[in-house]
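The values are calculated or read from the model by the stated rules, or taken from the named source; none is laboratory data. The shown structure was predicted, so the numbers you read here are calculated from the model rather than taken from an experiment. Heads up, the Cβs are rebuilt from the backbone with ideal geometry, glycines too, and the neighbour counts pull from every protein chain shown. Calculation scope for accessible area: heavy atoms of the full protein, side chains included, ligands and nucleic acids excluded. Shrake-Rupley method; radii C 1.70, N 1.55, O 1.52, S 1.80 Å.
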Amino acid sequence: AITAQVNRAFSYALTASGGSGAYTWQPLGQLPPGLALSSAGVIAGEPTTVGTYTVAVRVSDGGGRSAMGNVSITITAPAAPAAP
């Protein structure tokens, strides 16, 4: 699972193996609000809503083969400040 914090800049690179050539990534569902998936497989942005999200993604290789999988992302609230 991937964890990010609400209202904080976030970046996470997805990985794949096998196949041939460069990989191209595509979301098949909605990512958490404020995040986007680049075709290079990087989920980035500033999430705006706390919660756990599961998003289907497709990765394709240079030979035209593709695979699908799910990515789970948990967006947490900032930690409360410690009492003095």
From Cα pairs below 8 angstrom and at least 6 apart in sequence, can you work out the relative contact order of the chain, rounded to a whole percent?
37 percent
Correct choice for semi-axes √(5λ) of the Cα gyration tensor in Å that was computed from the model, options (1) 30, 11, 10; (2) 23, 15, 10; (3) 19, 17, 13
(1)
Over the range 12-84, give the accessible area per residue in Å² for a 1.4 Å probe, as an integer.
59 Å²
HN-Hα J couplings of the range 25-40 from phi, Karplus 6.51/-1.76/1.60, θ = phi - 60°, integer Hz, Gly and Pro as x?
10, 8, x, 10, x, 8, 6, x, x, x, 10, 9, 10, 7, 5, 7
Percent of accessible area on the chain owned by carbon and sulfur, 1.4 Å probe?
54 percent
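A77 to S39: extension gain in nm, 0.36 nm per residue of separation minus the Cα-Cα distance? Walk me through the intermediate numbers first.
Working: separation 38, 0.36 × 38 = 13.68 nm, distance 2.81 nm.
Once the chain is fully extended between A77 and S39, it gains 10.9 nm.
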Highest-first arrangement of 12-21, 54-63, where packing means the average Cβ count within 10 Å
54-63, 12-21
